[in-house]
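Pasting a structure below so you can have a look.
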């Protein structure tokens, strides 16, 4: 189940959530018409979904029920304006205006003319407002993050208005440094994953058979959320039947929504196997995949639990591979015994259908075969995939399951596992999926993913100091670079590329007029860059003898970051060529060379996701399956 376009979650009933909620009992259980699999209907509750109420009561401050408080953003802006004015006036008289400014510029100069004291005053105002927000919301959702967001927005506008060149230089330079750090982090992770064992855990067979563990194969719960999946309902049953696992040890839960009788009819027509039961989730909001999974978890009987999507084709021995990996890790002791999740690899069987599916296949090959394994080596939180993640069921219960309000509940759960002291490893077993082969469907899916990553960042960055304390400095840095940067930098790509294209065009024009690159880019020791010749391109390096030492040093750092950012694009094309391959998937090299076009599509998806984060944070856009011509 990849969700549904439904009205926003009605928040009213949640404010009256009870202190506890029991698992809702099944009101009807009947054998399926073909082979006896049960159909369980969970009754509706006039007060909303009891499991959602229970989750909200337990995790109100760390779930995505509320993502942003715009009122506190405004408070942060006002506090920064007041603090900046106070700091500037306390800093003494300001210098005379050197050029004519627009009226608002004259006002800003008069009241915020001391740059350093003004910025310090803004920071002080934000600290005071942040403290007030902590006291005001100490029993509710923290809002200190919103205060600082508002203050930083004011500071950015102030810098640009104070001095256009300095302001844009600092802002673009900081973004460039974040880009450079994210690029370096991604490259290091992929390189580490390319070393021996980087692709994940896998047990070897003996005469083609995996050895049965001591005590036999444990009961394994398989959750399969489905919503409007009539096209693939029969396929998932066939793929589950192909699993090489004892039937009496399988506990399959087919999770359906109450308003989807079509999928239920398709499953009944295909025949519900005896090792499975259909769980009809009650009406309620938010209508999301994690909400359905929590109902399946409430009825899970297995020692281990895995999620498969409707179109998934897991390798037949994947469950056995996971059991043996968990047993081996437990026997190893130490930190290995704390491994609570194994993420299997995801790949696309219809990779060669068109250019879009080729790009998608390359991206998945890099992400699941290399990048996630590198994150394991780096020891940072792992943003899980939405399917084929295998858990110790007891740990899932301890963590409360999945956040029903988060549209990338898998990413969020990976962070919570890390915070609770558990580890995640990768499993060298493949689940084959169907790549979305149409642009519209791809954008809907990608916008949800990137919205969810931004959502996860906002939820856990509500209290930055608490986040660092719980994740550790290194874990918090990894979280920032692997979650925040995935969504926000994807959106900024279009902006940065546009600015870069305009600037390089100006450099090219100046160069064609006979200027050297040094003359174009550098303010020299005589300060002759702008005075001696007409330039279209602004300087990037301020190395004149009369330049401020801080500005000069920052210009060098930002220039290096800009070069790394530019070269990083070529590095990622090389990564797509090298790490985007998978045995049996041929003809991807030319799509890898065209990767920058795919990045533009990702950026479009990111902007749509960020817009929905503001307007419809819990909206779950449905991804349709069964459209591929490649079976």
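Test residue 353 against the criterion of being surrounded by fewer than 22 Cβ atoms within 10 Å (Cβ to Cβ) and in contact (Cβ under 8 Å) with a residue 40 or more places away in the chain, and give yes or no. Working first, answer last.
Numbers: surrounded by fewer than 22 Cβ atoms within 10 Å (Cβ to Cβ): yes; in contact (Cβ under 8 Å) with a residue 40 or more places away in the chain: yes.
Here the answer is yes, as residue 353 does meet what is asked.
Within region 42-91, count every residue that is in a helix (DSSP H, G or I) and closer than 24 Å to residue 409 by Cβ.
The first filter runs over region 42-91 and keeps only residues in a helix (DSSP H, G or I), leaving 50-62, 70-90.
In the following step, the residues that additionally are closer than 24 Å to residue 409 by Cβ were identified as 50-62.
Total satisfying the criteria: 13.
Step by step: first the residues of region 345-366, then only those that are in contact with a strand residue (DSSP E or B) (Cβ under 8 Å, 6 or more places away or on another chain) and part of a helix (DSSP H, G or I), then the one that is nearest to residue 195 (Cα to Cα). Which residue is that? Let's see the steps before the verdict.
Just the residues of region 345-366 that are in contact with a strand residue (DSSP E or B) (Cβ under 8 Å, 6 or more places away or on another chain), to begin with: 345-349, 351-352, 357, 360-361, 364-365.
From what's left, part of a helix (DSSP H, G or I): 357, 360-361, 364-365.
On the way: 357: 28, 360: 24, 361: 22, 364: 19, 365: 16 Å.
Filtering region 345-366 for residues that are in contact with a strand residue (DSSP E or B) (Cβ under 8 Å, 6 or more places away or on another chain) and part of a helix (DSSP H, G or I), the one nearest to residue 195 (Cα to Cα) comes out as 365.
Take residue 260 and tell me if it is more than 23 Å from residue 220 (Cα to Cα) and modelled with pLDDT of 90 or more.
Numbers: more than 23 Å from residue 220 (Cα to Cα): yes; modelled with pLDDT of 90 or more: yes.
Against the criterion (more than 23 Å from residue 220 (Cα to Cα) and modelled with pLDDT of 90 or more), residue 260 qualifies.
Output the residues belonging to region 439-466 that are at pLDDT below 90 and touching a helix residue (DSSP H, G or I) at 6+ places or on another chain (Cβ under 8 Å).
Listed by number, the residues that qualify are 461, 462, 463, 464.
Of the numbered conditions (1) buried (at least 20 other Cβ atoms within 10 Å of the Cβ); (2) free of Cβ contacts under 8 Å to residues at least 12 places away in the same chain, residue 465 satisfies every one except a single condition; which is it?
Only one criterion is unmet by residue 465, namely (1).
Table: residues versus (1) within 27 Å of residue 623 (Cα to Cα); (2) not in a helix (DSSP H, G or I).
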residue	(1), (2)
454	yes, no
482	yes, no
488	yes, no
496	no, no
500	no, no
507	no, no
515	no, yes
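For region 366-383, how many residues are closer than 18 Å to residue 445 by Cβ, in contact with a helix residue (DSSP H, G or I) (Cβ under 7 Å, 6 or more places away or on another chain) and surrounded by fewer than 24 Cβ atoms within 10 Å (Cβ to Cβ)?
At the first step, the residues of region 366-383 found to be closer than 18 Å to residue 445 by Cβ are 366-368, 383.
Then keep just the ones that are in contact with a helix residue (DSSP H, G or I) (Cβ under 7 Å, 6 or more places away or on another chain); that gives 366, 383.
Still in the running and surrounded by fewer than 24 Cβ atoms within 10 Å (Cβ to Cβ): 366.
The total comes to 1.
Take region 283-302 and flag every residue that is part of a loop (DSSP other than H, G, I, E, B) and either touching a helix residue (DSSP H, G or I) at 6+ places or on another chain (Cβ under 8 Å) or closer than 17 Å to residue 65 by Cα (or both).
Let us first name the residues in region 283-302 that are part of a loop (DSSP other than H, G, I, E, B), namely 283-288, 299-302.
284, 285, 286, 287, 288, 300, 302 - these are the residues of region 283-302 that are part of a loop (DSSP other than H, G, I, E, B) and either touching a helix residue (DSSP H, G or I) at 6+ places or on another chain (Cβ under 8 Å) or closer than 17 Å to residue 65 by Cα (or both).
While we're here: Restrict the check to region 594-610 and report whether at least one residue is under 23 Å from the mean Cα position of the chain (by Cα) and outside any helix (DSSP H, G or I).
no
Report yes if residue 342 is under 29 Å from residue 581 (Cβ atoms), assigned by TED's automatic domain parsing to the domain that holds residue 386 and either assigned to a strand (DSSP E or B) or out of contact with any strand residue (DSSP E or B) (no Cβ under 8 Å at 6 or more places or on another chain) (or both), otherwise no.
On the way: under 29 Å from residue 581 (Cβ atoms): yes; assigned by TED's automatic domain parsing to the domain that holds residue 386: yes; either assigned to a strand (DSSP E or B) or out of contact with any strand residue (DSSP E or B) (no Cβ under 8 Å at 6 or more places or on another chain) (or both): yes.
So residue 342 fits the description; yes.
Let me ask something else. Can you confirm whether residue 480 is free of Cβ contacts under 8 Å to residues at least 60 places away in the same chain and crowded, with 20+ Cβ neighbours inside 10 Å?
Working: free of Cβ contacts under 8 Å to residues at least 60 places away in the same chain: yes; crowded, with 20+ Cβ neighbours inside 10 Å: yes.
Criteria met by residue 480.
Related question: Mind counting the residues in region 342-363 that are more than 21 Å from the chain's Cα centre (by Cα) and within 20 Å of residue 382 (Cα to Cα)?
Residues that pass the stated criteria total 0.
The values are calculated or read from the model by the stated rules, or taken from the named source; none is laboratory data. As the structure is a computational prediction, the values presented were derived from the model and not from experiment. Heads up, the Cβs are rebuilt from the backbone with ideal geometry, glycines too, and the neighbour counts pull from every protein chain shown.
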